1. Are there any strands (runs of 3 or more DSSP E) wholly within region 285-389 with 3 or more residues that are of a type in the set (Ser, Thr, Tyr), surrounded by fewer than 18 Cβ atoms within 10 Å (Cβ to Cβ) and on the phi > 0 side of the Ramachandran plot, and if so which?
2. Any chance you could count how many residues in region 33-48 are under 19 Å from residue 222 (Cβ atoms) and either touching a residue at least 60 places away in the same chain (Cβ under 8 Å) or aliphatic (A, V, I, L, M) (or both)?
3. Being more than 10 Å from the ligand (Cβ to nearest atom) and not small (Gly, Ala, Ser): is that true of residue 232 here?
4. From the list 316, 373, which one is within 26 Å of residue 135 (Cβ to Cβ), among the hydroxyl-bearing types (Ser, Thr, Tyr) and touching a helix residue (DSSP H, G or I) at 6+ places or on another chain (Cβ under 6 Å)?
5. What are the residues in region 311-370 that are under 24 Å from residue 27 (Cβ atoms), of a type in the set (Gly, Ala, Ser) and in contact (Cβ under 8 Å) with a residue 60 or more places away in the chain, if any?
6. Within region 174-210, which residues are among the polar types (S, T, N, Q) and away from the ligand (no atom under 15 Å from the Cβ)?
7. May I ask you to say which residue of 122, 87, 104 is of a type in the set (A, V, I, L, M, F, W, C) and either closer than 15 Å to residue 361 by Cα or in contact with a His (Cβ under 9 Å, 6 or more places away or on another chain) (or both)?
8. Residue pairs, Cβ under 7 Å, 6 or more apart or interchain, first in region 66-92 and free of Cβ contacts under 8 Å to residues at least 24 places away in the same chain and among the small types (Gly, Ala, Ser), second within 12 Å of the ligand (Cβ to nearest atom) and outside any strand (DSSP E or B). List them.
Amino acid sequence: METMNTTDIIDRIESVIGPREAFTPLHIPIFDEREVELLRECVESNMVSSVGAFGNRFEAALADYTGAKRVVLCVNGTSALHLALRVTGVQPGDEVMLPSLSFVATANAVRYAGAVPHFVDVREAHFGMDPAALQSRLEAIGEQRDGGLFNRETGRPIRCVVPMHAFGHPVLISELLAVAKRFGLALVEDAAESLGSFYEGRHTGTFGDCGTLSFNGNKVITTGGGGALLFNDDALADRAKYLSTTAKRPHKWEFFHDELGYNYRMPALNAAMGCAQMEKLSGMLKQKRALAARYAEAFADLDGVRFVTEPPGCQSNYWLNALVLQSDSIETRNAILDATNAGNIMTRPIWTPLHALPMYADCPRGTLDVTRSLAKRIINIPSTAGLGR
Ligand SMILES: *Cc1c(COP(=O)(O)O)cnc(C)c1O
């Protein structure tokens with residue numbers, strides 16, 4: 001084994017992706033004539049907005065692929081999360097348990113629902129919410145009364161748990177569900193990054209009361225912007241669709257809205273792109289897995305750095321490949337980020353933990369030791385499907 005330095009890392013990335021004359025982005029979408037063809041068909045149909053065949057078609061393709069009973073499209077992953085929290089019963093003033101190590105959208109959606117994020121630590125291996133940390137936090141601050149769980153320190157009800165499948169690696173969803181059930185909490189999976197990832201053969205986002213996907217430009221497949229909710233329950237799905245279309249009561253000509261709804265329905269133009277992207281999903285996932293396998297091999301003999309591979313019993317989409325440094329010196333990480341980005345290889349650190357952002361600094365939290373450490377040690381490396389063939 002060798003001990004890692006910056007040059008070793010660059011050499012190994014280069015051995016996989018090829019020489020660095022040209023800039024290699026972190027993750028870019030793959031398009032061909034098919035997207036253009038379906039977009040043209042959509043434009044020519046004149047049904048480019050929130051009604052039209054493409055929405056239903058994309059929903060059916062997603063239901064078929066994920067095994068979810070029902071799919072409801074949304075304008076983006078954040079609005080999907082917002083609706084997921086609304087339909088699973090999160091009320092203003094509630095607390096929602098989520099990882100601090102996530103993209104800001106997870107906490108923003110909680111705030112949009114008027115609720116308060118409550119941060120829980122993650123596991124070192126795959127960065128997902130730690131079931132043991134969730135359990136011990138709920139035991140420490142939770143109190144069952146009036147038919148629900150309350151935070152005895154803040155007095156607020158705790159309503160829901162939102163784990164996130166980081167970079168496409170499934171969390172320990174069965175264990176998290178068991179903890180949520182034990183405490184009587186709803187569970188929403190933020191599966192924004194994990195289309196194409198399976199936990200014990202079942203697609204991520206289909207375990208809890210609801211799961212959400214994102215089709216932002218940097219995700220596994222993209223619709224420009226877009227999102228979706230996955231349900232196994234018809235009533236919840238109907239309610240999400242209703243809220244996403246301004247809560248309008250069906251009628252031949254009357255405009256009557258019987259509660260506060262949203263204009264969150266994905267336009268048909270975006271759905272048309274989604275239909276084209278779904279046709280290439282399996283092929284792209286194969287390429288992404290092959291790329292990850294080559295990285296894993298390239299980094300196997302290097303001490304001081306771990307290339308993240310899928311959890312046991314799981315199939316990851318390898319959305320973003322990640323290195324974890326052993327050293328938690330931020331200087332080491334930054335030196336690698338500087339050298340790679342200066343050398344035409346785009347790399348990025350993981351997000352600043354949410355509890356360290358100004359608008360979430362005062363939120364309740366458990367111990368976040370693993371989160372704090374991982375935040376200084378993770379580097380994402382180029383991950384586009386088809387790279388390094
Ligand atoms: C991308 C992402 C979202 C939000 O998706 P948008 O479509 O960008 O709104 C939510 N959570 C996580 C973890 C994400 O990576």
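The values are calculated or read from the model by the stated rules, or taken from the named source; none is laboratory data. Computed from a predicted structure; not experimentally measured. We place every Cβ from the backbone using ideal geometry, glycine too, and count neighbours over all the protein chains shown.
1. none
2. 10
3. Yes, satisfied.
4. 316
5. If the condition is that a residue be under 24 Å from residue 27 (Cβ atoms), of a type in the set (Gly, Ala, Ser) and in contact (Cβ under 8 Å) with a residue 60 or more places away in the chain, then 316, 322, 335, 339, 343 are the ones that fit.
6. 174, 206
7. 104
8. From residues that are free of Cβ contacts under 8 Å to residues at least 24 places away in the same chain and among the small types (Gly, Ala, Ser), there are no pairs.
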